[in-house]
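The values are calculated or read from the model by the stated rules, or taken from the named source; none is laboratory data. Model, not experiment: these values are computed from the prediction. Reconstructed Cβ throughout: ideal geometry from the backbone, glycine too, with neighbour counts over all protein chains shown. Accessible surface is based on the protein model in full, side chains and every heavy atom, while ligands, DNA and RNA are left aside. Shrake-Rupley method; radii C 1.70, N 1.55, O 1.52, S 1.80 Å.
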Amino acid sequence: MIKVGIPRALLFYFYYPLWRAFFTELDIQVVVSPETNKRILDAGLRTALGEACLPVKLFFGHVLELSGKVDYLFVPRLISVEHKEYICPKFMGLSDMLRVRLANLPPIIDTALDVSGRRGLDWSHFFEKVGSIFTRDRHLIKRAYCSALEADKNFRRLLKSGLLPPEAMDAADGISEAAATSVASPGFLKIGLLGHPYNLYDSYISMNLIGKMRQMGASVVTPASVSDDLIDNQTKRLPKRLFWTLGKQMIGSALTFFENEKLDGVIYLTSFGCGPESLVGELVKRWAKHRGNPPFMMLTIDEHTGEAGLVTRLEAFIEMIKRRKKNEDHVPSYGQPVHCC
Amino acid sequence: MRITYPHMGNLYIVVRALFTNLGLDLVLPPPTSRRTVELGVRYAPEFACFPLKLNLGNFLEAWELGADTILMAGGVGPCRFGYYAQVQKEILDELGKSMEMVVLEPPDVSWREVRDKIRCLVGDISWWRIFKAIRFAWYKARAVDTVEERVLFLRPRTYEPHRLEEYRRQALRRIDEASDKREMDEILRDFNNQCRALPLRSGPFLRVGFVGEIFTVLEPFANYDMERRLGLLGVEVTRSIYLSAWINEHLFGGLLRVKGMEHVDKLAAPYLNSFVGGHGQETVGSTVEFGKQGYDGVVHVAPFTCMPEIVAHSILPAVSKDYGIPTLTFYLDEQSGEAGIQTRLEAFVDLMAARREKRRKENL
Ligand code: SF4
Ligand code: SF4
């Protein structure tokens, strides 16, 4: 059986169900790299360019983890997944960087997805091309594409119900209903957590931020549960259309979170040196300051971030919210807005 | 309405010509200085790229001089450039220094849109006048590039670098002041005559290609005057991109149809098979081109955290290996140290000289 390797990094957290269903239907075995660990991180740091952001470095580590174990590496060139939008320049040259910097890789499948390009390469073209690497049977490819869409739809549905991507993936497999219920159980606090998926849901990199927040009694809402329509609506208010898909999600979710009175606070997790977030994060930070509500904190991580520092800041933030919540019961709600960033 | 624009090397000469001829009231920001940097850095997002910070500094200094409107180029991604104006506006507003922003957005730019934008700035104006103003500004851009190109050639050769810099300054000042094309031809003639009178060393000289993010390549303040440093170290520098090419690409969106960078992109394809925003692909392609032409090395500059150039830099080792051309990358921002830059350049020049010597011996 042919083996295709998918690195558990970058947009894995958005597209794994889609990709996996497609390959599985073609009778291809999908191999995913393990969850990030020290070995993977170190391998990434060793091989990627020092100036690259942590998520890209980590991708290198995951690729190395798969290399030698699979027949193909699946590293699609995600140029544009939404009309007239991009992800990030680094996504566009990802496979090229890998080829140059890592020796002895299995063949890389780096078919382009570019719905905004002149040739408008959407998912159906994309899968047609990818499928044709393995089979000439166009019906089979078509069928695989349909089942991919089906899996994706199911995954999105679970996300909108409030599950986080890793939980939704498990739930779709019927693995863990427990995870699902843990989200549903109301925490004492409710906190909005912004950030690119590969930071939020990689618990090694985020130093288990979500787990820690939950332990401190907070339930966590992320952009994954905000509907696309809502995001579109919110971002319509921008002075200029934002051309980054992830950036748009961040801004749309941030505005939604800011308006949500049930949220007690918002945290934005970003990567050190991330290009798009340097501007998107700045806008969000400014709007949060203008509104003064809810409390807002920005956390920037890279490979040197210490866990102790992160915990201290998180604890201080949560404490502050708890105090504030208590006070709100006694004083009118127009009390001093609290700030921390 | 008092209009300003962000500095980028000699762009001010072109902008002044254009504005004056369109009847716009231009407030030129003071030349970019330490103070500009400080202002920009103080108010810009910490991790924004260096050009955004410098631009913001320009705007703040222009505001002090009474500017109330900003004209700048925009973009539609994938890189940050296209959202500069919106972030900068947000910052200026918050500082209580609101200015109107007029952004020329490629690639939807058409002659009609250029005219509409101009009309909203100056009122009714004829096509002919717009055309003439643009054409004249374009001549100036070409004249500036001619001077710069010549200086790059002469720097390693002259015994009197100060004289050369003086001629350059003079020529640029006169181009800035020139009011018609005939005058400009005359200036270029004078400049060439002056240069011809300079006593010159004979070669051979090391040849270096200068590539990278366009703003950093074109703005000596952002690249810590790297071209001049290399020239003084006896290196002949060739730029991968000139002002006129940028103007065409960003302001006129290809309206003038000068030769684009397509051939360079083709050269990049075996290594980097996609555009990556900014000038990442051009950086790779130009390095291939310099490698093919037997240059001794390539110096690559980029703002700290610049995404397209990080992609390009990741890939340069392969080009370097295939074409036997050493490359040296600098990430620059307000924190770069001049001493460190000079040391690295000197070491690079030594390396190139040693390689050349080795090759010469092998050929004997
Ligand atoms: S969006 Fe930011 S974190 Fe993600 S790859 Fe690009 S620069 Fe890195
Ligand atoms: S090309 Fe580099 S400097 Fe220009 S906007 Fe993009 S990241 Fe910033």
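Listed values, structure above:
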{"quantity": "Filtered residues of segment B:22-57 (kept if under 18 Å from B:Gly75 (Cβ atoms), assigned to a helix (DSSP H, G or I) and free of Cβ contacts under 8 Å to residues at least 60 places away in the same chain)", "calculated": "B:Leu52, B:Asn55, B:Leu56"}
{"quantity": "Subset of segment B:287-323 that is small (Gly, Ala, Ser) and either in contact (Cβ under 8 Å) with a residue 12 or more places away in the chain or away from ligand 1 (no atom under 16 Å from the Cβ) (or both) - its residue that is nearest to the other protein chains (Cβ to nearest Cβ)", "calculated": "B:Ala318"}
{"quantity": "Residues (within 22 Å of A:Arg241 (Cα to Cα) and of a type in the set (Ser, Thr, Tyr)) located in segment A:276-320", "calculated": "A:Ser278"}
{"quantity": "Number of the exception - A:Gly174 against (1) away from ligand 1 (no atom under 16 Å from the Cβ); (2) assigned by TED's automatic domain parsing to the domain that holds A:Glu51; (3) outside any helix (DSSP H, G or I)", "calculated": "(2)"}
{"quantity": "Segment A:199-230, residues that are surrounded by fewer than 17 Cβ atoms within 10 Å (Cβ to Cβ) and either at positive phi or outside any loop (DSSP other than H, G, I, E, B) (or both)", "calculated": "A:Asn208, A:Gly211, A:Gln215, A:Gly217, A:Asp228, A:Asp229, A:Leu230"}
{"quantity": "Long-range neighbours under 7 Å by Cβ, at least six apart or interchain, first residue in contact (Cβ under 8 Å) with a residue 60 or more places away in the chain within segment B:113-138, second not in a helix (DSSP H, G or I)", "calculated": "B:Ile118/B:Ile125; B:Leu121/B:Met1; B:Leu121/B:Ile3; B:Leu121/B:Leu24; B:Leu121/B:Val102; B:Val122/B:Gly23; B:Val122/B:Leu24; B:Trp138/B:Leu256"}
{"quantity": "When residues of segment B:62-81 are limited to those that are open to solvent by 10 Å² or more (accessible area, probe 1.4 Å) and more than 15 Å from ligand 2 (Cβ to nearest atom), the one nearest to the other protein chains (Cβ to nearest Cβ)", "calculated": "B:Leu71"}
{"quantity": "Some residue of segment B:110-131 being under 24 Å from the mean Cα position of the chain (by Cα), within 21 Å of A:Phe243 (Cα to Cα) and not in a loop (DSSP other than H, G, I, E, B)", "calculated": "no"}
{"quantity": "Listing of helices (runs of 4 or more DSSP H) fully contained in segment A:231-328 that carry 2 or more residues being open to solvent by less than 60 Å² (accessible area, probe 1.4 Å), out of contact with any Lys or Arg (no Cβ under 7 Å at 6 or more places or on another chain) and more than 14 Å from every other protein chain (Cβ to nearest Cβ)", "calculated": "A:245-259, A:307-328"}
{"quantity": "Matching residues, segment B:191-235, being over 22 Å from the mean Cα position of the chain (by Cα) and within 16 Å of ligand 2 (Cβ to nearest atom)", "calculated": "none"}
{"quantity": "Residues of segment B:261-286 satisfying the condition of being at the interface with another protein chain (Cβ under 9 Å from one of its Cβ atoms) and among the hydroxyl-bearing types (Ser, Thr, Tyr)", "calculated": "B:Tyr271, B:Ser274"}
{"quantity": "Among (1) over 22 Å from the mean Cα position of the chain (by Cα); (2) closer than 19 Å to A:Cys88 by Cα; (3) among the charged types (D, E, K, R) - the single one A:Glu25 does not satisfy", "calculated": "(2)"}
